1. Ignoring any ligand, DNA or RNA, what whole percent of the accessible area of region 144-207 comes from carbon and sulfur when the probe is 1.4 angstrom?
2. Averaged per residue, what accessible area in Å² does region 155-205 show with a 1.4 Å probe, protein chains only?
3. Using protein chains only and a probe of 1.4 angstrom, how many square angstrom of SER178 are accessible, to the nearest 10?
4. Which order do GLU163, GLU145 take when ranked by solvent-accessible area (1.4 Å probe, heavy atoms of all protein chains), largest first?
5. To the nearest 10 square angstrom, how much accessible area does CYS12 have with a 1.4 angstrom probe?
6. How many percent of the alpha carbon pairs in region 155-201 exceed a separation of 14 Å?
Amino acid sequence: MPLSAQSFTQACREGGRQIETWLRVIDREHGARFYREAATSLRCWQAAEDVVQEAMVKVWQRCATFHGAGDPVAWIHQVVRNTLLDALRQRTSQAPHEIPLHDEEGQLTVQAQEAVLNLSRATVATPERMLGEHQVEAVFRRCFEQFAAAHPEHATVLRWVVEEGLDNAAIEALLERSPGATREFISQCRKKARPFFASWYELVGPA
C-alpha cells in the first residue's frame with residue numbers, strides 16, 4: 001500500500017480494515033522511529049510503547065480531520081509528538097516538588113549553585129586534565145541526561161529544535177501556543193538547560 005495522502009484519505013473514509021491496514025504499514029515502516037523518540041524523552045521503553053499505542057488510537061479517532069493536504073506520515077508523527085508532550089506534562093505534574101533553580105530575580109539559588117559546583121567537581125576536568133573529544137561528548141551526554149531528568153518536556157522540545165531542526169512554527173503547532181508564547185517557551189528551555197551544562201561549558205571554554 002503506497003503511503004500517500006490519497007491512500008490515507010481513502011482509508012480514513014472507508015474505515016474498518018482499510019485504516020487498520022494503513023496503520024499497520026505505518027507501524028512497520030515508521031514505528032521504530034516513533035518508539036525511539038518517545039523512549040529517548042521518557043527514558044522507558046514500556047512508557048514509549050504506551051505513548052505510541054495511544055497516539056495510534058488518536059490517529060484512528062481523528063483521521064477524519066485529515067483533509068488530504070500534506071504528508072500523512074508527518075501528520076501522524078505530530079500526533080505522536082503531541083501525545084508524548086502530554087505524557088511528559090503528566091509525569092511532571094505527578095513528580096515530587098523539586099528545589100527551585102532560580103530565585104525571584106532570576107538568579108541561581110544557593111542550592112542550585114552548590115549543585116552545579118558539585119557536578120562540575122565530579123564530572124569536569126580541571127585545566128590540568130586534558131580530555132579527548134569522546135570524554136567531552138560523554139560530559140555533554142551526562143549533562144543532557146540530568147537536564148532531561150529534571151525538565152523532560154523542555155529537554156524534548158530543545159532536542160527537536162537543535163537536533164531535528166524544527167522551526168518555531170512546527171514547535172508552535174506541537175505546543176498549541178501563540179508565536180510569542182512559543183518563543184518564550186524555547187527561551188525558557190535554554191535558560192533551564194544552562195545550569196546543567198556548567199561542567200560542559202567549563203570544558204569547552206568561551207568557544
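1. 51
2. Values: 2580 Å² over 51 residues.
Spelled out: the 1.4 Å probe surface of region 155-205, per residue, equals 51 Å².
3. 60
4. Details: GLU163 130, GLU145 95 Å².
Ranked list, largest accessible area first: GLU163, GLU145.
5. Rounded to the nearest 10, the figure is 20 Å².
6. Pairs farther apart than 14 Å: 50 percent.
The values are calculated or read from the model by the stated rules, or taken from the named source; none is laboratory data. Just so you know, these numbers come straight off a predicted model, no measurement behind them. What goes into the accessible areas is simple: the full protein's heavy atoms, side chains included, and nothing from ligands, DNA or RNA. Shrake-Rupley method; radii C 1.70, N 1.55, O 1.52, S 1.80 Å.
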